[in-house]
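For reference, the structure discussed in these notes is given below.
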Amino acid sequence: MSLRYGLLGLLSYQDMTGYELKKTFDSSLHFMWSVKASQIYRELQKMESESIVKSSIVEQPKRFDRKVYSVTESGKTAFATWIAKFPQGLLAPIRDEFIIRVFFGKYVGLENLEFEIKRYKKQEEEELATLDIIEDSAKKAADRDGFEKDLFYWLLTVSRA
């Protein structure tokens with residue numbers, strides 16, 4: 001996935017600032033795609049120059065003004081074209097440094113490997129707990145913001161993770 005399509009997808013729900021896009025990525029898509037704020041702002045700038053998104057400044061009393069992004073018709077078309085074309089290979093590429101080290105475990109040593117496996121297990125348990133939180137917040141957001149029809153698809157992605 002190109003970052004731009006993730007941003008277009010999120011902006012199809014509602015207009016957002018770069019900060020709000022980063023928060024939304026972190027609370028809903030981080031297990032599929034991790035992104036830094038600088039990447040988001042750089043991509044938004046590029047997308048705006050290509051007229052895929054547009055921005056407007058929203059003035060706020062006693063606060064910094066907000067730059068809010070929205071999808072243009074051209075952006076909606078680009079997103080619709082992308083979303084309709086699934087890739088040939090549907091499995092995510094596997095580049096798992098941890099499992100490679102396990103494969104060559106005799107060079108690591110059993111004691112070190114045991115420590116790393118326990119560390120791995122702890123991180124996996126933390127990730128599962130995070131996914132539970134994401135699932136719960138998705139249900140609440142769908143109910144609160146009227147995205148009940150989207151919830152089914154959101155939960156499919158959480159289940160895959």
Item checked: Some residue of the range 31-40 being of a type in the set (Phe, Trp, Tyr) and open to solvent by less than 20 Å² (accessible area, probe 1.4 Å) -> no
Note to self: So if I check each of 59, 73, 111, 50, which one is farther than 29 Å from residue 135 by Cβ, open to solvent by 90 Å² or more (accessible area, probe 1.4 Å) and modelled with pLDDT of 95 or more?
What the structure shows: 73
Check: How many residues does the range 76-130 contain that are under 19 Å from residue 32 (Cα atoms) and either among the charged types (D, E, K, R) or touching a His at 6+ places or on another chain (Cβ under 6 Å) (or both)?
Finding: 8
Item checked: Residues that are under 14 Å from residue 82 (Cβ atoms) and open to solvent by 10 Å² or more (accessible area, probe 1.4 Å), drawn from the range 10-21 -> 10, 12
Item checked: Options 66, 95; residue that is exposed (fewer than 10 other Cβ atoms within 10 Å of the Cβ) and at pLDDT below 95 -> 95
Notebook entry, point to check: Restricting to the range 76-92, what's the tally of residues that are loosely packed, with under 14 Cβ neighbours inside 10 Å and in contact (Cβ under 8 Å) with a residue 60 or more places away in the chain?
Noted result: 1
Check: What pairs come up if the first residue lies in the range 49-66 and is over 25 Å from residue 6 (Cβ atoms), the second is open to solvent by less than 80 Å² (accessible area, probe 1.4 Å) and of a type outside the set (S, T, N, Q), and their beta carbons are under 9 Å apart, counting only those six or more places apart or on different chains?
Finding: 59/66; 60/66; 65/58
Check: Restricted to the range 70-92, and to residues that are polar (S, T, N, Q) and over 19 Å from the mean Cα position of the chain (by Cα), which residue is nearest to residue 56 (Cα to Cα)?
Finding: 72
Next item on the list: Could you tell me which numbered condition residue 135 fails, if it satisfies all but one of (1) under 19 Å from residue 12 (Cα atoms); (2) modelled with pLDDT under 95; (3) part of a helix (DSSP H, G or I); (4) not aliphatic (A, V, I, L, M)?
Entry: (1)
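The values are calculated or read from the model by the stated rules, or taken from the named source; none is laboratory data. Just so it is clear, the structure is predicted and the values come from calculations on it, not from any experiment. Cβ sites come from the backbone with ideal geometry, for glycine too, and all protein chains shown count toward neighbours. With ligands, DNA and RNA removed, areas are computed over all heavy atoms of the protein, side chains included. Shrake-Rupley method; radii C 1.70, N 1.55, O 1.52, S 1.80 Å.
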